[in-house]
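J.: Before anything else, here's the structure in question.
What follows draws every value from the coordinates through simple rules; no lab data is involved. Remember, it's a predicted structure, so these values are computed and weren't measured experimentally. Using ideal geometry, Cβ is built from the backbone for each residue, glycine included, and neighbour counts are taken over all protein chains shown.
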Amino acid sequence: DGGITQSPKYLFRKEGQNVTLSCEQNLNHDAMYWYRQDPGQGLRLIYYSQIVNDFQKGDIAEGYSVSREKKESFPLTVTSAQKNPTAFYLCASGRDSSMNTEAFFGQGTRLTVV
Amino acid sequence: GQQVMQIPQYQHVQEGEDFTTYCNSSTTLSNIQWYKQRPGGHPVFLIQLVKSGEVKKQKRLTFQFGEAKKNSSLHITATQTTDVGTYFCATSTGNQFYFGTGTSLTVIP
């Protein structure tokens, strides 16, 4: 089945530790995105990538880093510099950079800092 | 970047009542998309509208795109408990998706 896989589903992190969230897609999509969702809130864009080896900051990139070494993979690292990392993280992909393409979301990773 | 405003933020309805959420932009949109996120789940694409004044239906759901392509609405007729969730509007510009803040729908049995 084609889709986007995020892992793990739940993640606990101690303060001061970096943690990497995995996002893999087998849809052959060019574009990939990372969003953060806080309780009762909308989706805020962290980083996005339109092509391999290239990515751009979104609205709330501070304290996060990404890489796009392969078309299928777009991991997100939450660094210790992120002051309030507890949130629901959603990875998404889009077919290409044209307009009128929809976003496909993974199941999400719920990160809790303990 | 583009901003898409969505109202209301929350809506509680009795089962069987109708529900509407509205999406507005200060700029002309090339398209409007609607997504549904069930509690604890992830957003799932419902539909896309691209033409001025376009209306599309999916069973009890009716989606409209305004004549000026600056607003949109999602109307659910006779809500059911399966309609519970958060409904997001969004627009795709090619580089990014811009999401509204969402409307959380609670259906009271």
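J.: Past the 26 Å Cα-Cα mark, which pairs from A:K71/B:K70; A:K57/B:K69; A:K9/A:K57; B:K36/B:K57?
T.: Working: A:K71/B:K70 34 Å; A:K57/B:K69 28 Å; A:K9/A:K57 24 Å; B:K36/B:K57 15 Å.
Checking Cα-Cα distances, A:K71/B:K70; A:K57/B:K69 exceed 26 Å.
J.: Round to the nearest 0.05 the FRET efficiency obtained for A:S98 and B:A68 when R0 = 22 Å and r is the Cβ-Cβ distance. Please list the in-between numbers first.
T.: On the way: r = 23 Å, r/R0 = 1.05.
That pair, A:S98 with B:A68, gives E of 0.40.
J.: May I pose another question? Can you tell which of B:K69, B:K51, B:K36 shows the greatest fluctuation in a Gaussian network model of chain B with Cα springs below 10 Å?
T.: Comparing B:K69, B:K51, B:K36 in a Gaussian network model of chain B, the most mobile one is B:K51.
J.: So if R0 is 35 Å, what FRET efficiency would A:S7 and B:D18 give, r being the distance between their Cβ atoms, rounded to the nearest 0.05?
T.: Values: r = 40 Å, r/R0 = 1.13.
The pair A:S7/B:D18 has a calculated efficiency of 0.30.
J.: Sticking with this one: Can you tell me the FRET efficiency between B:V50 and B:N95 if r is taken as the Cβ-Cβ distance and R0 is 25 Å, rounded to the nearest 0.05?
T.: Values: r = 17 Å, r/R0 = 0.70.
Result of the calculation: an efficiency of 0.90.
J.: Give the residue list of GluC sites (Glu not before Pro) in region A:43-73 that are DSSP loop and have at most 13 other beta-carbon atoms within 10 angstrom.
T.: Working: sites: A:E62, A:E69, A:E72; in loops: A:E62, A:E69, A:E72.
For GluC sites (Glu not before Pro) across region A:43-73 that sit outside H, G, I, E and B with at most 13 neighbouring Cβ atoms in 10 Å, the list reads A:E62, A:E69.
J.: May I pose another question? So what is the relative contact order for region A:1-60, in percent, with contacts set as C-alpha pairs under 8 Å and at least six apart?
T.: On the way: 77 pairs, mean separation 14.6, N = 60.
Once divided by the residue count of region A:1-60, the mean separation gives 24 percent.
J.: OK, next. Can you pull the mean other chain C-beta count within 10 Å for peptide A:101-110? Walk me through the intermediate numbers first.
T.: Working: counts 6, 12, 10, 4, 7, 1, 3, 5, 0, 1.
Going residue by residue through A:101-110 and averaging, the value is 5.
J.: For B:T27 and B:V84 in one chain, what is 0.36 nm times their gap in residues minus the Cα-Cα distance, to one decimal in nm?
T.: Gain on stretching B:T27 to B:V84: 17.5 nm.
J.: For peptide A:43-53, what's the mean number of Cβ atoms from other chains within 10 Å of each residue's Cβ? Don't jump to the answer; show the numbers that get you there.
T.: Values: counts 11, 1, 5, 0, 0, 3, 0, 3, 0, 0, 0.
Going residue by residue through A:43-53 and averaging, the value is 2.
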